[in-house]
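Here the structure is laid out as structure tokens; the discussion comes afterwards.
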């Protein structure tokens with residue numbers, strides 16, 4: 001026996017709840033019966049579909065006792081709305097071209113906003129993911145402090161309940177059995193640093209306070225990424241130990257995914273040892289690079305913390321046994337919320353982008369408003385009939401609005417899809433200055449805001465057409481529709497206004513993008529003072545256990561250099577302690593006899609230590625004196641080469657060669673300046689060269705030994721092969737050398753422009769989008785006017801007008817749209833150009849070239865958009881047209 | 001007049017109800033209408049119309065309990081005398097309107 005088919009249980013459940021109790025039983029039964037009849041006649045699938053429609057019918061139609069859920073939550077008027085919604089959906093389905101175009105346009109605007117908002121929200125707006133994160137402040141933002149100072153602040157500050165410090169991304173060599181040694185980034189954090197932030201390990205335990213004491217450390221916390229990549233997220237790794245710079249550390253915990261303090265670069269955290277004993281005085285007071293985070297006590301504000309800090313200033317100043325800073329040295333210290341401090345660098349560029357996407361959104365609004373106007377015109381007959389049948393204008397305006405809401409809803413869905421695709425493309429390109437970039441996602445918060453944006457768009461775009469509907473009297477409707485006439489003067493004016501506004505907005509973005517593009521071009525042509533083309537670089541960290549004597553180390557460096565140079569893929573090799581655009585940064589306070597002698601006011605200059613060939617390999621020109629030679633070695637006279645910037649600043653008008661400089665320490669020896677080289681820029685192509693002192697690497701000036709060498713080598717034709725050779729040769733020389741930062745020098749320079757490039761690329765995309773939308777507007781107006789005046793054109797052509805005259809007329813009309821748009825846009829761009837000023841290099845925010853080319857681009861684009869309609873208009877057969885009349 | 005008049009669906013529903021006689025339940029009425037008019041008619045719409053007609057006193061209904069033997073609940077509808085009167089009037093009105101127009105109904109060409 002076959003089973004009797006039955007309606008889907010869930011739908012029957014919905015039906016049961018949609019029916020008035022009095023009639024529930026018999027209606028359910030009757031529909032069951034009817035379902036069986038249908039199923040035997042049309043098959044079960046058709047019957048199920050029929051049943052669903054019936055259920056929807058009851059849920060939506062039965063007015064007083066409709067579907068209880070709906071009714072109770074939404075109320076009757078909402079049911080009305082649902083009904084209208086269905087009507088709107090049906091009407092949109094009847095014009096798929098319009099619906100698609102409008103949806104895509106909206107999706108573009110909404111998607112771009114969702115994407116940029118998601119980034120900005122994470123970087124700037126969102127509260128940090130720590131308990132009571134509004135209590136967290138960055139103390140002396142941007143400055144480093146020594147552990148000695150930190151101890152005083154911990155003791156003396158009353159406005160904070162906890163304060164800690166951390167060193168960011170110290171490179172250490174991680175040795176693992178059976179694998180080549182490798183470099184990892186380690187943050188040295190005081191236990192109080194992590195407790196102040198309130199971050200709890202997801203696995204294991206945090207540092208204990210006593211682990212900051214000398215000899216008590218030896219524990220390590222892993223970042224979530226490191227835990228996953230190196231240990232496959234296997235929890236049994238807790239309690240095992242790793243070898244870092246030849247010392248054992250026990251793994252005690254794993255920090256949460258995305259924890260990025262002091263920065264996202266760290267793989268590991270180890271306790272900073274707070275040791276104020278005389279033997280450690282140099283580190284304790286001299287290592288002034290700890291960034292501090294504090295948790296404010298209840299009721300405190302960043303301003304109060306600053307006052308507190310200033311009152312502790314004098315104690316801290318006099319406590320430093322190494323040197324005595326000048327009075328008031330903290331006066332300029334900045335105390336800001338951690339949230340603000342973290343996002344400081346990302347703020348301005350993101351705000352510019354937020355501005356840009358909002359302009360895109362407004363253009364999208366104008367565009368959709370225009371589309372709606374055209375559509376309402378096309379549907380005039382329909383509207384006229386409905387008005388005649390008594391449909392109120394309010395009702396029709398409401399329907400117009402509802403239509404936009406539906407379109408905006410669809411646009412939001414498509415836009416979110418676009419944004420999520422865009423986010424995946426964008427994520428790897430985001431510069432590290434944007435905090436929390438791994439965590440950026442289109443979550444509920446972003447979707448919520450996107451929804452609000454979409455609603456805003458719907459209201460803005462829908463209001464105008466809806467308003468026009470209410471303004472027109474039914475008589476107008478009927479008259480116009482009856483005559484087959486279309487545009488009224490008012491509508492034309494509205495459209496012209498909208499298109500002009502779009503073009504003006506497009507000009508603003510195109511001009512901005514042009515300025516950024518010019519600036520980027522200028523930057524890429526800046527001469528950094530050395531040659532990067534054809535060079536490769538890598539960082540080599542020496543084995544931690546290497547014999548410590550200066551002689552041995554000097555020999556090691558020399559042999560390393562010779563080994564590398566033996567490879568045919570590496571012509572000319574030099575080693576350095578740091579290189580321009582590299583990750584290492586060295587500075588020194590320089591004492592220059594006769595020039596800078598006040599110990600409290602010594603200038604801080606850049607220092608680098610290099611092997612003799614460095615200047616030749618990097619093509620840094622020698623301006624005076626000599627470069628380094630092999631004879632500048634341990635035991636011989638300590639020498640230095642200064643750069644032109646140094647010479648100009650501290651030896652103006654005198655020959656620096658033969659003068660001496662000194663480290664600021666009491667027992668420091670004289671170092672003789674033997675030469676002057678050209679200036680080099682560092683890190684940022686837009687910045688000027690800093691005064692720099694170069695020392696011979698092997699001379700270990702003032703006994704400063706380094707444990708790493710940064711290789712710069714002139715490579716062969718194939719730089720990838722040179723990089724490979726560099727790695728192999730270094731490992732062959734000593735397998736415990738950790739090779740990292742293996743990169744071609746041009747890439748290093750390119751990377752420094754990554755954020756500038758990303759920003760101008762995004763702005764370009766937005767600018768082009770608005771330009772295209774503006775052109776769609778022009779196209780719409782042109783093709784509309786061509787259609788509208790088909791008769792006029794027919795008559796003119798019959799009377800002997802040449803097609804080119806008619807085309808010219810249409811081009812003139814488009815020009816009349818483009819010109820005011822261009823002028824308005826240029827004015828707006830000039831006003832908003834100042835926002836971009838801080839991003840520009842070598843180009844003024846009123847750059848004449850950009851401000852000339854942009855309107856030309858606009859006019860050309862407008863002409864291109866007119867071309868098709870103009871050609872179509874002149875292809876009509878006049879006889880046909882007149883006959884149709 | 002508007003108050004007295006019959007809506008199209010009301011009119012059709014009452015006719016379907018008369019045609020169905022003993023089988024005049026809500027769902028079959030919808031099916032009958034669909035079959036006769038060739039237009040999709042939702043049971044819900046018919047249900048609403050029937051309730052309105054009942055409120056106006058044009059139809060009455062009786063609930064037949066299914067009882068224990070597995071047969072089901074049904075609400076059986078009947079046109080009242082008042083309803084019949086309305087139908088007659090409506091028919092007369094249509095008939096008078098149609099008078100003399102029959103020739104127009106022959107499809108041209």
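FYI, it's all coordinate maths here, none of it is from the lab. Predicted, not measured: the structure shown is a model, and the values here were computed from it. Glycine also receives a Cβ, built like all others from the backbone with ideal geometry; neighbour counts cover every protein chain displayed.
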> By how many nm would the segment from residue A:243 to residue A:314 grow when fully extended, if each residue of separation counts as 0.36 nm and the alpha-carbon distance is taken off?
Replying inline: 21.4 nm
> What's the center-to-center distance, using Cα atoms, between the range A:704-736 and the range B:14-82 in Å?
Replying inline: 92 Å
> If each Cα of the range A:552-680 is one equal point scatterer, what is log10 of I(q)/I(0) from the Debye formula at q = 0.10 Å⁻¹?
Replying inline: -0.35
>> I'd like the orientation of helix A:803-836 relative to chain A: the angle between its Cα long axis and the longest Cα principal axis, in ° from 0 to 90, rounded to 10.
In response: 40 degrees
> Taking Cα atoms, how many degrees apart are the long axis of helix A:444-471 and the longest axis of chain A, rounded to 10 and kept between 0 and 90?
Replying inline: 40 degrees
> How far is it, in nm, from the label point at residue A:257 to the one at residue A:827 when both lie 7 Å from their Cα along the line to the Cβ?
Replying inline: 5.2 nm
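What is the packing order of peptides A:495-504, A:454-463, taking the mean over residues of other C-beta atoms within 10 Å and listing the highest first? Kindly include the intermediate steps, with their values, before the conclusion.
Values: A:495-504: 23.5, A:454-463: 21.0.
Order by mean packing, descending: A:495-504, A:454-463.
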>> How shielded is B:73-82 by partner chains, expressed as the average number of their Cβ atoms within 10 Å of its Cβ atoms?
In response: 2
>> What do you get for the angle between helix A:147-156 and the principal long axis of chain A? Use alpha-carbon atoms, 0 to 90 degrees, nearest ten.
In response: 70 degrees
> Say R0 is 30 Å: what FRET efficiency, to the nearest 0.05, do residue A:735 and residue A:558 get from their beta-carbon distance?
Replying inline: 0.95
> Just the Cα atoms of the range A:71-186, one point each, no solvent: what log10 I(q)/I(0) does Debye give at q = 0.17, 0.18, 0.19 Å⁻¹?
Replying inline: -1.12, -1.15, -1.15
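Take the Cα atoms of the range A:651-712, build their convex hull, and give its volume per residue in Å³. Write down the numbers at each step before the final one.
Values: hull volume 9.0 nm³, N = 62.
Once divided by residue count, the hull of the range A:651-712 is 145 Å³.
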> Seen from all sides and averaged, what is the projected area of the convex hull of the Cα atoms in the range A:691-739, in nm²?
Replying inline: 5.1 nm²
>> Given an 8 Å cut-off on Cα distances and at least 6 residues of separation, report the relative contact order of the range A:699-828 as a percent.
In response: 14 percent
>> Please list, short to long, the whole-number percent of alpha-carbon pairs of the range A:521-617 in consecutive 10 angstrom bins beginning at zero.
In response: 12, 33, 31, 20, 5, 0
> For residue A:3 and residue A:524 in the same chain, what is the full-extension length gain: residue separation times 0.36 nm, less their Cα-Cα distance, in nm?
Replying inline: 179.9 nm
>> Could you compute how fast the protein assembly as shown diffuses translationally, taking Rh as the Kirkwood radius over C-alpha pairs and applying Stokes-Einstein at 10 °C with viscosity 1.306 mPa s? Give it in µm² per second.
In response: 44 µm²/s
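Expressed as a rounded percentage, what relative contact order does the range A:278-386 have, with Cα pairs under 8 Å and six or more residues apart? Provide the component values of the computation, followed by the final result.
On the way: 28 pairs, mean separation 25.0, N = 109.
Across the range A:278-386, relative contact order equals 23 percent.
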>> From the convex hull of the Cα coordinates of chain B, what is the mean projected area in square nanometres?
In response: 8.9 nm²
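Quick one: grab the alpha carbon gyration tensor of the range A:781-847, order the square roots of its eigenvalues as a ≥ b ≥ c, and give me rounded if a/c is under 1.5, else prolate or oblate depending on whether a/b is larger than b/c. Don't jump to the answer; show the numbers that get you there.
Numbers: a/c = 5.82, a/b = 3.83, b/c = 1.52.
Verdict is prolate for the range A:781-847.
So for the range A:637-746: antiparallel DSSP bridges make up what percent, rounded to the nearest 5? Numbers along the way, then the final one.
Values: 4 of 9 bridges.
Restricted to the range A:637-746, the bridges split so that about 45 percent are antiparallel.
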> Roughly how many Å is it from the Cα centre of the range A:193-257 to that of the range A:578-627, as a whole number?
Replying inline: 38 Å
> Which shape class applies to the range A:250-354: rounded if a/c is under 1.5, otherwise prolate when a/b exceeds b/c and oblate if not, where a ≥ b ≥ c are the square roots of the Cα gyration tensor eigenvalues?
Replying inline: oblate
> Residues of A:22-35, mean number of Cβ from any other protein chain within 10 Å of their own Cβ, rounded to a whole number?
Replying inline: 6
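How would you order A:786-794, A:444-452 from highest to lowest mean count of nearby Cβ atoms within 10 Å?
A:786-794, A:444-452
Counting DSSP beta bridges in chain A, what percent are antiparallel, to the nearest 5? Spell out each step's value before the answer.
On the way: 61 of 79 bridges.
For chain A, the DSSP antiparallel bridge percentage is about 75.
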> Does the range A:181-273 come out rounded, prolate or oblate by the C-alpha gyration tensor, with a ≥ b ≥ c the root eigenvalues, rounded set by a/c under 1.5 and, if not, prolate when a/b is larger than b/c and oblate if not?
Replying inline: rounded
>> If I model a spin label as a point 7 Å beyond the Cα along the Cα-Cβ vector, how far apart are those points for residue A:334 and residue A:718 in nm?
In response: 4.8 nm
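Return the average number of partner chain Cβ atoms within 10 angstrom of each residue Cβ along peptide A:713-726. Present the calculation step by step, with values, prior to reporting the outcome.
Details: counts 0, 0, 0, 0, 0, 0, 0, 0, 0, 0, 0, 0, 0, 0.
Other-chain Cβ atoms within 10 Å of each residue's Cβ, averaged: 0.
Given an 8 Å cut-off on Cα distances and at least 6 residues of separation, report the relative contact order of chain A as a percent. Kindly include the intermediate steps, with their values, before the conclusion.
Working: 1501 pairs, mean separation 125.1, N = 885.
Relative CO of chain A lands at 14 percent.
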>> Just to verify a number: FRET efficiency for residue A:228 and residue A:447, C-beta to C-beta distance, R0 = 25 Å, to 0.05?
In response: 0.35
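If you take the alpha carbon radius of gyration of the range A:774-885 and divide it by 2.2 N^0.38 Å, what ratio comes out, to two decimals? Numbers along the way, then the final one.
Values: Rg = 19.0 Å, N = 112, 2.2 N^0.38 = 13.2 Å.
For the range A:774-885, the normalised Cα radius of gyration is 1.44.
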>> I need the peptides A:140-148, A:277-285 ranked by packing, meaning the mean over residues of other C-beta atoms within 10 angstrom, with the highest value on top.
In response: A:140-148, A:277-285
